[in-house]
Every structure is written in C-alpha cells, then in structure tokens.
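Peer 1: Before I ask anything, let me first share the structure, which is written out below as structure tokens.
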Amino acid sequence: DCCLIPAPYYAAFESDMKIVAGCVPFAIQLANPARGPTTQELDLAFIEAQSKGMRVRFILLTNPNNPLGVIYSSDVIRNVIAWARKRQLHTIMDEIYALSIHNKSCKSFQSVINVLNNKLGNDVHHIWALSKDFGASGFRVGTLYTQNVQLLNALANLNIFSGVSHPMQIITAELLTDDKFVDHFLDAARERLRYSFLICAKKLDEMVLPYVHAEAGLFVYVDFSALLPTKDFEGEAKLNELITNYAHIVLTPGESQRDCRPGYFRICYAWVPPQVLGVAMERLSKLVAKIRKIGLTNLNETSLESVLSVQT
C-alpha cells in the first residue's frame with residue numbers, strides 16, 4: 001500500500017509509515033511546493049505510483065507545512081479532497097502546527113474541519129498532537145478526529161497497546177482546560193517563533209540565499225543550490241558534510257525530504273535559544289562567504305578555522 005505526500009515532506013514520515021504501518025510513502029513532485037499540489041500533479045504521482053506496482057490508498061497533507069512553513073489555502077485543501085474522493089482515496093490532514101502560526105491575526109489558516117463544515121465523511125481524518133504547538137513531544141499525546149466509525153472501532157482495540165497513561169491524561173486535561181495559561185503560552189510561543197524566524201531571515205537576506213517565507217511552524221526552507229560543487233545530490237551531501245563538520249550546524253538536506261531539486265535544506269530555528277541561533281547563523285554566513293570566495297572544493301582545515309570563531 002502507498003501514501004501520496006507532496007514533496008518536500010517531513011523526513012521521518014518514511015520510517016513512521018514503513019516500520020509501523022508497512023506503508024510506502026510516495027512523493028508528489030510539485031512545480032511550486034509553497035502553493036500546494038494541483039490536480040495534474042496529483043494525477044501524475046498517482047499514475048507513476050501505480051506503474052511501479054503500488055496501491056495508492058490515501059494522501060497525506062501537513063498544514064501548516066513542514067518543512068516549508070507555508071499555509072495551504074482552503075481552495076487547495078478542497079481540491080485535494082475532491083481529487084482523492086474521485087479516486088476513492090482517503091485524506092489525512094496533519095495539522096500538528098495549527099497553533100504555531102506566527103501572526104495571531106492571520107486568517108489564512110483554516111482547519112479542514114472548518115473547510116468541510118465538520119462534514120468529514122468516512123474518508124477525511126484529522127490528526128494533531130501536543131508535541132509541536134506545546135513543545136511537549138515527551139508527553140506522547142496525539143489526537144485523531146474522524147467520523148469513520150469502522151476506523152474508530154478498529155483503533156479502540158489497537159489503542160490498548162499505545163494508550164496515554166492516566167497520570168498523563170490528567171496533566172493534559174488540566175493543561176488544556178486552563179484557558180488563561182493556554183492563551184498566554186500560545187501568544188508567547190508565536191512571538192518567539194516569529195522572532196527566531198526573523199533572525200534567520202535577516203541573515204539569509206544578507207547572504208543572498210533564497211528561502212520560503214515561513215508563516216507558521218518551526219522551520220525555514222532555504223535554497224543553497226548556488227553553492228553546490230556539482231548540481232546533484234552528491235554535491236548536496238558534500239555541502240551538508242561541510243556545514244556539519246566545520247560550522248557545527250545540523251540542517252535537514254532536501255534529499256531526505258524527497259525534494260527532487262538538489263541544494264535545498266531545512267533550518268529548524270525553534271530548537272535553540274535566539275542567542276545560540278544568532279551564533280549558528282553567523283557561522284553559516286562565514287562559511288557561505290568562504291565558499292563563494294574560494295570554492296567549496298578548494299576549502300581546507302586552515303581556511304575553515306575562523307568559521308568556529310563565533311561563540312556564544
């Protein structure tokens with residue numbers, strides 16, 4: 001069985017689906033990833049997957065998107081669901097970053113529940129968790145909202161092996177019913193996410209590196225392709241190795257996210273405090289300047305020494 005996912009997508013979907021569900025993710029390649037998939041792109045991916053002997057069962061959309069940080073429009077969501085229904089496929093909407101929209105007054109995000117007026121039918125399923133919006137991955141608390149009774153009955157049996165413990169249920173209930181705390185926490189989180197994104201954006205503008213302007217989430221997606229020694233994924237790997245070993249920064253390369261364009265990387269700006277992020281971006285800036293001046297293949301230990309001179 002196969003799941004269609006617009007590329008680039010969260011790299012861990014690969015192992016999550018293969019190991020846990022025995023399902024194979026298949027990338028939908030897009031002309032404009034920030035816009036979302038068109039009907040033609042969905043058709044092409046569906047046909048290609050079938051030609052490789054895969055049985056397409058459902059499509060997965062992450063909105064707001066990881067790694068792009070963009071918000072899909074309501075029209076895109078409706079069109080994808082309509083396309084899936086014509087193909088008799090299910091749609092899973094992953095809205096794990098729904099409360100991490102940088103601008104509180106932003107009206108562009110609409111949950112699929114609102115888009116469909118809470119009429120999901122048997123084929124549209126909504127998932128969310130505490131892990132991203134509340135920075136609580138360790139809680140291991142997630143939700144599935146579906147109107148498919150058969151699915152709910154199946155999960156009622158399976159969930160005994162992965163249920164949330166009673167103490168954690170109590171903590172979660174107390175957390176989510178404290179409206180004053182939730183409002184304050186989310187307002188502060190949005191402000192800090194936007195501040196950290198702007199640290200990255202300012203430095204990327206100075207480096208003249210194109211990137212996708214993030215409206216939500218924890219990431220910015222950057223085009224480093226102009227710095228590659230060769231315009232392929234081998235060149236991407238060499239640049240990634242250089243960034244890791246000499247700038248001591250961990251980025252997520254596009255190849256692992258099934259981006260067909262070599263040279264794209266995801267920066268997670270929510271993993272460290274702003275002052276540490278500033279150091280990381282300054283190191284990256286120094287490395288980029290050296291690559292442009294000398295060329296990636298001509299760099300050596302001596303020429304790279306100063307990259308790590310930037311400290312907290």
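Peer 1: From the set of residues in region 242-284 that are within 20 Å of Asp205 (Cβ to Cβ) and aromatic (Phe, Trp, Tyr), which is most open to solvent (accessible area, probe 1.4 Å)?
Peer 2: For region 242-284, the residue satisfying everything is Tyr264.
Peer 1: With the requirement that a residue be in a helix (DSSP H, G or I) and within 25 Å of Glu234 (Cβ to Cβ), what does region 253-279 give you?
Peer 2: Within region 253-279, Gly254, Glu255, Ser256, Gln257 qualify.
Peer 1: Looking at Ile28, Ile59, Ile101 in this structure, which one is within 19 Å of His213 (Cβ to Cβ) and either of a type outside the set (A, V, I, L, M) or open to solvent by less than 50 Å² (accessible area, probe 1.4 Å) (or both)? Full working, then the answer.
Peer 2: Numbers: Ile28 fails: within 19 Å of His213 (Cβ to Cβ); Ile59 fails: within 19 Å of His213 (Cβ to Cβ).
One residue alone meets the criteria, Ile101.
Okay, residues lined up against (1) under 24 Å from the mean Cα position of the chain (by Cα); (2) among the aromatic types (Phe, Trp, Tyr); (3) at pLDDT below 95; (4) under 19 Å from Leu186 (Cα atoms):
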site: Asp123; (1), (2), (3), (4): yes, no, no, no
site: Gly135; (1), (2), (3), (4): yes, no, yes, yes
site: Gly138; (1), (2), (3), (4): yes, no, yes, yes
site: Leu155; (1), (2), (3), (4): no, no, yes, no
site: Leu158; (1), (2), (3), (4): no, no, yes, no
site: Phe161; (1), (2), (3), (4): no, yes, yes, no
site: Ser165; (1), (2), (3), (4): no, no, yes, no
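Peer 1: Quick test of your reading of the structure: Pro229 fulfils all but one of (1) over 16 Å from the mean Cα position of the chain (by Cα); (2) in a helix (DSSP H, G or I); (3) surrounded by 14 or more Cβ atoms within 10 Å (Cβ to Cβ). Name the failing condition by number.
Peer 2: (2)
Peer 1: Sticking with this structure for a sec: Would it be correct to say that Thr143 is at pLDDT below 95 and in contact with a strand residue (DSSP E or B) (Cβ under 6 Å, 6 or more places away or on another chain)?
Peer 2: Against the criterion (at pLDDT below 95 and in contact with a strand residue (DSSP E or B) (Cβ under 6 Å, 6 or more places away or on another chain)), Thr143 qualifies.
Peer 1: When only residues in region 185-221 that are hydroxyl-bearing (Ser, Thr, Tyr) and farther than 21 Å from Ser73 by Cβ count, which is surrounded by the fewest Cβ atoms within 10 Å (Cβ to Cβ)?
Peer 2: Checked region 185-221; the qualifying residue surrounded by the fewest Cβ atoms within 10 Å (Cβ to Cβ) is Tyr195.
Peer 1: When Lys238 is evaluated against the numbered criteria (1) in contact (Cβ under 8 Å) with a residue 40 or more places away in the chain; (2) part of a loop (DSSP other than H, G, I, E, B), which criterion, by number, is the only one it fails?
Peer 2: (2)
Peer 1: So Asp75 ticks every box in (1) of a type in the set (Asp, Glu); (2) over 24 Å from Gln257 (Cβ atoms); (3) crowded, with 20+ Cβ neighbours inside 10 Å but one. Which box is left unticked?
Peer 2: Of (1) of a type in the set (Asp, Glu); (2) over 24 Å from Gln257 (Cβ atoms); (3) crowded, with 20+ Cβ neighbours inside 10 Å, only one is false for Asp75: (3).
Peer 1: Here are the criteria: (1) touching a residue at least 12 places away in the same chain (Cβ under 8 Å); (2) farther than 15 Å from Leu68 by Cα; (3) not in a helix (DSSP H, G or I). Tell me which single one Val250 does not satisfy.
Peer 2: That leaves (1) as the condition not met.
Peer 1: Based on this model, can you work out whether Trp128 counts as of a type in the set (Phe, Trp, Tyr) and open to solvent by 20 Å² or more (accessible area, probe 1.4 Å)?
Peer 2: yes
Peer 1: Here is a further query. Is there a residue being touching a Pro at 6+ places or on another chain (Cβ under 7 Å), surrounded by 14 or more Cβ atoms within 10 Å (Cβ to Cβ) and within 29 Å of His90 (Cα to Cα) anywhere in region 106-125?
Peer 2: Within region 106-125 (the criterion being touching a Pro at 6+ places or on another chain (Cβ under 7 Å), surrounded by 14 or more Cβ atoms within 10 Å (Cβ to Cβ) and within 29 Å of His90 (Cα to Cα)), the answer is yes, since at least one residue qualifies.
The values are calculated or read from the model by the stated rules, or taken from the named source; none is laboratory data. Note that the structure is predicted; figures quoted are calculated from it, not measured. In this analysis, Cβ positions are derived from the backbone assuming ideal geometry, glycine residues included, and neighbour counts consider all displayed protein chains. Remember, those area values only see protein heavy atoms, side chains included, never the ligands or the DNA or RNA. Shrake-Rupley method; radii C 1.70, N 1.55, O 1.52, S 1.80 Å.
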